[in-house]
Amino acid sequence: MMEEKKVKRNLMKKNLKELSLLERKEMNKEILSRVENTREWKEARTIGITLSLPFEVETRDIIEKAWEEGKRVAVPKCFPQTHKLEFYQLSSFTELETVQFGIEEPLITAEKISKEELDVIFVPGVIFAKNGYRVGFGGGYYDRYLQNYLGEKISIAFHIQIADFVPIEPHDIPVGKIITNQEVLICE
């Protein structure tokens, strides 16, 4: 199953990297608009969200929108030694450092935000099934973090990242909603 996920993950990454800048820009605008109109967004005071890689849905626009609306933004930092994930408050894009694989993470000096304080977590991934399960980047960080998380779990994706089904493992945790440039899928 791990091998199947790896093959699917690599193929989707290749497809995502082939999207033109213009296509990506248009789809990002649609996704931001759909995110803003969700109940979860409107009610959230604190959001947890990653800083996207160049081939993913752009999250900086969402972060800026959150700041504009007075929401608190928390971004994750991975600790590879323990395979743990922690969220830290982000008030400016200058409070970031670039780590392994070109990923931007908060500086460790930022205020740590507890799981209970996060109203919504935007869960990243590479491929998303309509039932809320996903193929992530292979580290299992989010599945571990989301155990016992009681807030809202949402994923944002380009429509080409939606699949009818993805391989599921016992530790996988689904999201309740997937927002694409074409639709909002309710998964629960």
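What does the convex hull of the alpha-carbon atoms of segment 38-133 project to on average, in nm²? Let's see the in-between values first.
Working: hull surface 28.0 nm².
Here the figure is 7.0 nm², rounded to one decimal.
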Rounded to the angstrom and largest first, Cα extents along the principal axes for segment 78-123 equal 28, 26, 20
Which whole-Hz ³J(HN,Hα) couplings does segment 149-158 yield from phi under the Karplus relation 6.51 cos²θ - 1.76 cosθ + 1.60, θ = phi - 60°, glycine and proline marked x?
7, 9, x, 7, 10, 10, 10, 10, 7, 6
Along each principal axis, Cα extent of segment 112-155, largest first, Å
28, 21, 15
Quick calc, segment 73-188, dipole around Cα centre from Cβ unit charges on Lys, Arg (+) and Asp, Glu (-), nearest 20 debye, gives 200 debye
Which aspartates and glutamates, on any chain, are close to Lys8 with Cα under 16 Å apart, when same-chain ones fewer than 8 places away are left out?
Glu18, Glu56, Asp164, Glu169
So which residue, out of Asp164, Asp61, Asp172, gets the largest mean-square fluctuation from a GNM of the chain using Cα contacts under 10 Å as springs?
Asp164
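Assuming 0.36 nm per residue, please report the length gained on full extension of the stretch Ile108 to Glu95 beyond their Cα-Cα distance. Before the final figure, lay out the partial values.
Details: separation 13, 0.36 × 13 = 4.68 nm, distance 0.93 nm.
Between Ile108 and Glu95, full extension yields an extra 3.7 nm.
Can you tell me the FRET efficiency between Asn131 and Asn10 if r is taken as the Cβ-Cβ distance and R0 is 22 Å, rounded to the nearest 0.05?
Working: r = 23 Å, r/R0 = 1.02.
The formula returns an efficiency of 0.45 here.
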With springs connecting C-alpha atoms under 10 Å apart, model the chain as a Gaussian network and identify which of Gly102, Gly151, Gly140 has the largest mean-square fluctuation.
Gly102
Give the Rg/Rh ratio for segment 106-188, taking Rg as the radius of gyration of the Cα atoms and Rh as the Kirkwood radius, to two decimals.
0.98
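Going by average Cβ neighbours within 10 Å, how do the peptides 37-43, 47-53, 69-75 rank, with the highest at the top? Working shown, then result.
Details: 37-43: 13.6, 47-53: 22.3, 69-75: 17.6.
For the peptides 37-43, 47-53, 69-75, the packing ranking is 47-53, 69-75, 37-43.
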Going toward the positive end of the dipole of the chain, with +1 on Lys and Arg Cβ and -1 on Asp and Glu Cβ, which of Val73, Phe165, Phe122 do you reach last?
Phe165
Mean accessible surface per residue for segment 1-104, computed with a 1.4 Å probe while every protein chain stays in place, in Å²:
58 Å²
Cα pair distances of segment 1-41 binned at 10 Å [whole percent]
25, 28, 31, 15
Give the Cα extents of segment 32-84 along the principal axes, in whole Å, largest first.
38, 25, 17
Using DSSP, restrict attention to beta bridges with both residues in the chain and report what percent are antiparallel, rounded to the nearest 5.
55 percent
Kindly provide the Kirkwood hydrodynamic radius of the chain in Å, to one decimal, from all pairs of distinct alpha carbon atoms.
16.7 Å
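Can you tell me the length gained on complete extension of the stretch Lys17 to Phe55, counting 0.36 nm per residue apart and subtracting the Cα distance? Mind dumping the intermediate values first?
Values: separation 38, 0.36 × 38 = 13.68 nm, distance 0.54 nm.
Separation in residues times 0.36 nm, less the Cα-Cα distance, equals 13.1 nm.
The values are calculated or read from the model by the stated rules, or taken from the named source; none is laboratory data. Since this is a predicted model, take the numbers as computed values, not measurements. Cβ: placed from backbone, ideal geometry, glycine included. Neighbour counts: every protein chain shown. Areas reflect the complete protein model, heavy atoms only, side chains present, ligands, DNA and RNA absent. Shrake-Rupley method; radii C 1.70, N 1.55, O 1.52, S 1.80 Å.
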